[in-house]
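Take a look at the structure below.
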Amino acid sequence: MGGGAVSEDGDPGFQIAPMVDVVFVLLLFFMASAGSQVIEKELNISLPSGRSASAAGAVPTTPILIDILPDGKIQMNNRIYDSPTSRELPELRAWLKETIAKFGDKDPVILRPDPKTKHERVMDVLNAASASGVTKLTFS
Amino acid sequence: MSAAPQSRKSKKKVRKPDHEPDPEFQIAPMIDILLVLLVFFMSISSTEVLQTNKEVNLPIAKEAKEAKDNPGQVIINVTYATMNDATAIEVDQRGFGSPSDMVPLLQDKVGKNPLLRVLIRADREVRFDFIRQVLQVVAESGVGNVTFSVVDKDANAPS
């Protein structure tokens, strides 16, 4: 019994079984706690600021304007895309993918959320835009 | 002839000692554990961890990109209290009353690191009006690279 021989004077010697038990308990603990951890990720935008703005010779581009209304509706060119409760925004993504496929991604996408819009909704749109391959995203 | 009674076999008798001496007090293992704990807490309190406010409930965005290494960043935490609909800003564990109070701090940091980027950790319930003010202040301070922090799933939701 144990992991070591009982030496003559009754001293238990080196027991490896309890150590292995402790290692497994620790392993289980860290497995359980790692499953519930969230890793923070990022969505990038660019702001027109003096330092990082590219050279003033701007190529005339037609920006894509997306309005976000306070109730969650997404509006572009006077047309509503997707329902306010849709988190994935499939119609918007499809339209953006199509546009980028036809015209490339050099046209900036400008977001104009209503001041009362929730940050969550703005992130939904950013997420959809980023997933559709938009590279130039900014707010106005 | 019956076998002579076996002489007492020389069998090993496991002798229980009458009393076991107490193990003597060993300080070396205690100091080892102390040092391990010290190293653990030193590594946990890195500046990244201190800059994030754990009460911010980040919005969910499934297609967000992994955080990549950055040339120095400032983390702006925008908290939201549901109870009284109050938004507050916290940077480097300092609270700011309004976004424009951050201008000197941001300009100072940009002066030291021109490639600085700003990471905005805003609660999902914050109204865009507030975020717009923060973005304006950040743009005024000369930072062009702005990133929003999101998560890809809720901590307690079944994956």
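The values are calculated or read from the model by the stated rules, or taken from the named source; none is laboratory data. For clarity, every value in this text was computed on a predicted model and none was experimentally measured. Cβ atoms come from the backbone with ideal geometry, glycine included; neighbour counts cover every protein chain shown.
Here are the numbers for the structure shown:
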{"read-out": "Test: A:Arg87 is without any contact (Cβ under 8 Å) to a residue 40 or more places away in the chain, closer than 17 Å to A:Lys118 by Cβ and surrounded by 14 or more Cβ atoms within 10 Å (Cβ to Cβ)", "value": "yes"}
{"read-out": "Complete set of residues in segment A:102-128 that are under 17 Å from the mean Cα position of the chain (by Cα), among the β-branched types (Val, Ile, Thr) and more than 7 Å from every other protein chain (Cβ to nearest Cβ)", "value": "A:Val125"}
{"read-out": "Residue that is within 13 Å of another protein chain (Cβ to nearest Cβ) and out of contact with any strand residue (DSSP E or B) (no Cβ under 8 Å at 6 or more places or on another chain), where the choices are A:Ala94, A:Ala131", "value": "A:Ala131"}
{"read-out": "Verdict on B:Ala157 being over 18 Å from B:Tyr80 (Cβ atoms), of a type outside the set (D, E, K, R) and modelled with pLDDT under 85", "value": "yes"}
{"read-out": "Condition check for A:Ser7: within 13 Å of chain B (Cβ to nearest Cβ) and modelled with pLDDT under 80", "value": "yes"}
{"read-out": "Those strands (runs of 3 or more DSSP E) lying entirely in segment B:82-159 with at least 2 residues within 7 Å of another protein chain (Cβ to nearest Cβ) and not aliphatic (A, V, I, L, M)", "value": "B:145-151"}
{"read-out": "Scope segment B:48-72; condition within 11 Å of another protein chain (Cβ to nearest Cβ) and either of a type in the set (Val, Ile, Thr) or touching a helix residue (DSSP H, G or I) at 6+ places or on another chain (Cβ under 9 Å) (or both); matching residues", "value": "B:Thr52, B:Val56, B:Leu58, B:Pro59, B:Ile60, B:Ala61, B:Lys62, B:Glu63, B:Ala64, B:Lys65"}
{"read-out": "Hey, A:Lys73 surrounded by 14 or more Cβ atoms within 10 Å (Cβ to Cβ), farther than 20 Å from B:Val146 by Cα and either more than 13 Å from every other protein chain (Cβ to nearest Cβ) or not acidic (Asp, Glu) (or both) or not", "value": "yes"}
{"read-out": "Of all residues making up segment A:35-63, the number that are modelled with pLDDT of 85 or more and either farther than 20 Å from B:Ile120 by Cβ or touching a Gly at 6+ places or on another chain (Cβ under 9 Å) (or both)", "value": "0"}
